[in-house]
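What follows is calculated from the coordinates using simple rules that are stated; it is not laboratory data. Note that the structure is a prediction, hence the values are computed from the model and not measured. A quick note on method: Cβ atoms are made from the backbone with ideal geometry, for glycine too, and the neighbour counts reach across all protein chains shown.
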Amino acid sequence: MQTATSDAPFLPMDDPAFSLRDPKVAAARAESWYARTPYGLAVLRHEEMGELLLHPKLRQGSHAWPAHNKVTGVFSDWWARTILVQEGETHARLRKLVNPAFAGRLLEEMRPKFETMAAALVDRFHAQGACDFMHDFADPYASQILCLMLGIPQEEAPHVLRLSADMGLALGVSFKQHEDRINRATEGMFAYADDLVAKRRSLPGDDFMSALVAATEGDRLSDEELRDMILILVFAGIDTTRNQLGLGMSMFLDHPAQWALLAERPDLARKAVEEVMRVRPTITWVTREATEDFEYRGLAIARGTTVHLLSGAAGTDTTVFEPGFDITAERKRHYGFGGGVHHCLGHAIARSDMSVAMTVLPPRLRNPRLAGEPEWLPDSGNTGPVSLPIAFDPG
């Protein structure tokens, strides 16, 4: 049995300039199944990631993210209470309460509304043959979908989007740099959640938000848990979807033949979503923490060790996946949505609304290409474009 030593590859994952798509990551993966990082260990290969996602001596590790970044305040306090970092009975109870909102049947019933939203957004810029994909499509689409799901008036989508985008900075490696901005956005989101709860209690509706409010009866969901749940649903629901749509478009800009194929084959939209998630996930890693000392593949892992499972590196592991980007290929499972008991709660929504976008967009945005310099979040943590200017031939 050995411990992680200086012989193992090292990846500077805390450096905002470092990209997890750097060739050094692939070189490290070829050399070893893990690497050392400033945060702890990084798991680089597909098989090992799949096993460690289910390992009984690892818990969800994101609870330590604010501490890793030496951040305090209202966001950090809220983060420590969220369903994302809870374990055991508390996590199971909270997950059971929110699961009904993500039923496949409900999503299929909403799909025509998703299509209408996507088409209406494209109508705004289609004739111009150009847009900022994030500002004109991904951002409003993600926020409108979330508002529809939660029964929030659509005119409030821009406000919710701004708060969500600022909170989303907490999931990148520049967390500390934006600490005050993130805390202000969290306070704003709390105020918004309180207003939503008050309205639903006085006038319930036929939406998921009303169902959540009703779940506070009988001591099933406390007022604080209700508030925290609303924040995680709004924050995670918008930020990850908008980023993933932008990353998807960036992949198709690099693979125009695949976009042209998708325009002719809308039946490939769901597979396109999975291929994007495999190669270019917005959540570049999921985190676990050792609950006790244990040995894995000859490596001694001490209690308290942070283990980052790199979904992008695992998804491009050449011992499992043929190199390239191909929306027709049959692939093994990717881990863009994590796995185990903490498997992404909203994966069905994300898959549904992204597949709608990849059905609506390709026939109308022919031959998309860059039309300016994109702006990007750091390529570690949660990543994606801030701005993505494109030109296209109106289809």
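For this structure, a couple of remarks:
- For the stretch 269-381: Kirkwood Rh in Å [reciprocal of mean 1/r, alpha carbons]: 16.5
- Per residue, the average separation of C-alpha pairs within less than 8 Å and at least 6 apart gives the chain a relative contact order of 27 percent.
- Of LYS113/LYS332; LYS57/LYS176; LYS96/LYS199, pairs whose Cα-Cα distance is over 27 Å: LYS113/LYS332; LYS57/LYS176
- Evaluated at q = 0.11, 0.13 Å⁻¹, a Debye calculation over the C-alpha positions of the stretch 23-394 (equal weights, vacuum) places log10 I(q)/I(0) at -0.78, -1.11.
- Other residues within the sphere of radius under 13 Å centred on the Cβ of SER380, judged by their own Cβ, net out at -2 (K and R +1, D and E -1).
- Among LEU310, LEU44, LEU361: highest mean-square fluctuation, GNM of the chain, C-alpha pairs under 10 Å: LEU361
- Dipole size of the stretch 23-394 about its Cα centre, with +1 on Lys/Arg Cβ and -1 on Asp/Glu Cβ: approximately 500 debye, rounded to the nearest 20.
- Debye-formula intensities of the stretch 186-315, expressed as log10 I(q)/I(0) at q = 0.16, 0.21 Å⁻¹, are -0.95, -1.07 (one equal scatterer per alpha-carbon, no solvent).
- Rounded if a/c under 1.5, otherwise prolate or oblate - the stretch 180-235, Cα gyration tensor axes: prolate
- Gaussian network model of the chain, Cα within-10 Å springs - most flexible of PRO16, PRO266, PRO153: PRO153
- Amide H contacts of HIS55 (H built 1.01 Å from N, in plane; Pro and chain starts excluded): no residue 5 or more places away or on another chain comes under 5 Å.
- Cα-only Debye scattering, the stretch 53-211: base-10 log of I(q)/I(0) at q = 0.18, 0.20 Å⁻¹: -1.33, -1.38
- Remark: the stretch 220-284 projects, on average over all directions, an area of 5.9 nm² (convex hull of Cα atoms).
- Cα Rg, Dmax (largest Cα-Cα span) when computed across the stretch 1-88, Å: 15.1, 42
- Within the listed set TRP285, TRP376, TRP33, the residue fluctuating most in the Gaussian network model of the chain (springs between alpha-carbon atoms under 10 angstrom) is TRP376.
- Counting only whole DSSP H helices of the chain, the ones at least 18 Å long by C-alpha along their axis and with mean Kyte-Doolittle hydropathy no lower than -0.5 are 104-125, 223-254, 347-364.
- Environment charge at PRO389 (Cβ cut-off 15 Å; Lys +1, Arg +1, Asp -1, Glu -1): -4
- For TRP285, distant residues with modelled amide H under 5 Å away: SER311, GLY381
- Dipole of the stretch 23-394 computed with +1 at Lys/Arg Cβ and -1 at Asp/Glu Cβ about the Cα centre; of LEU299, SER250, LEU150, farthest Cα towards the positive end is LEU299.
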